[in-house]
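FYI, it's all coordinate maths here, none of it is from the lab. This one's a predicted model, so the numbers in the text were calculated from it and none came from an experiment. Glycine gets a Cβ as well: all are built from the backbone with ideal geometry, and neighbour counts include every protein chain shown.
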Amino acid sequence: MTRLRLFLHLFIALTFFFLVAMATRAAQEGGNAAEEPVGMTFRWIHFVIIAVILVWVFGKALPPVFRKNAETISAAITAATAAKAEAERKLNQAAFKLANLEKEIAEFRAMAMKEAAAEAERLRKAGQVEAEKIATAARAEIQAAERAARLELQAIAAKIAVDRAEALVEQQMTPATQESLFNSFVLTLQGRLN
C-alpha cells in the first residue's frame, strides 16, 4: 500500500471510532444533539467524513487523469524537444552552407578565371598555329606565283629575244649571205659523211 492509502485508511478508521464514541456519549447525556457542543462536533465530523470521502474518490479517480495528462504533456515536450533539435540542426546546416557559400563562390570564380585563362591561352596558341599555317600557305603561294612570273617573264624575254633576233636576221640577211651560209652548211655535211 502506498502511504496515501495507508494514511487514508487510518484516518477513516480513527474518524469512525471517534464518531462511535461521540454517539455513545451523546446517547448517555441525552437532550438536543444539534444545539449542544457535541452536535457541533458531529457536524464537523460529518464534514470531515464527506471531505475524506471526496478526497478518497478524487484520490482514486484523479491520479490516472493527472498521470495521463502528465504523460501527454511529457510526450508533447519530448516531441517539441526533438522538433527543436531538428530545427536547430537544420539551422546549423543552413548556417554552415551559407558560410561555405561565399567560399564556394570564390572557388567557382577562381576556377572560372583559370578556365577562362586556359581557354584564352589555348585560343591564342590555336590562333598562332593557324596564323603560321596561313603564313606558310601564303609564302608557298607567293613562291609559286614568283616562279610562274619568272617563267612567264623568261618566256616573254625569250619571245622578245627571238623576235628581235629574227628582226635582226631579216635585216642583215641578204641573198649573198644566204648563199654563203647554205654553202658552208653543205660543206659541213659533206665533211661529216667522210
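Data overview
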| read-out | value |
| --- | --- |
| FRET efficiency estimate (nearest 0.05) - Cβ-Cβ, ALA94 to VAL52, R0 41 angstrom | 0.10 |
| The stretch 178-194-the stretch 49-96 distance, computed between alpha-carbon centres (Å) | 146 Å |
| The chain: most fluctuating residue of LYS159, LYS90, LYS103 per GNM, C-alpha cutoff 10 Å | LYS159 |
| Förster-model FRET efficiency, 41 Å R0, SER184 and ALA148, C-beta, rounded to 0.05 | 0.50 |
| Choice from ALA99, ALA145, ALA110 showing the highest fluctuation, given a GNM over the chain with Cα pairs closer than 10 Å | ALA145 |
| Potential extension, LEU101-LYS84 segment - 0.36 nm per residue separation minus Cα distance | 3.6 nm |
| Stretch gain in nm, segment GLU170-LEU193, where the contour uses 0.36 nm per residue and the Cα spacing is subtracted | 5.2 nm |
| Rough spin-label spacing in nm, given labels placed 7 Å along Cα→Cβ, for MET40 and ALA137 | 13.1 nm |
| Shape of the chain, Cα gyration tensor, a/c cut at 1.5 | prolate |
| Residue among ALA120, ALA158, ALA135 with the largest mean-square fluctuation in a Gaussian network model of the chain, springs linking Cα atoms under 10 Å | ALA158 |
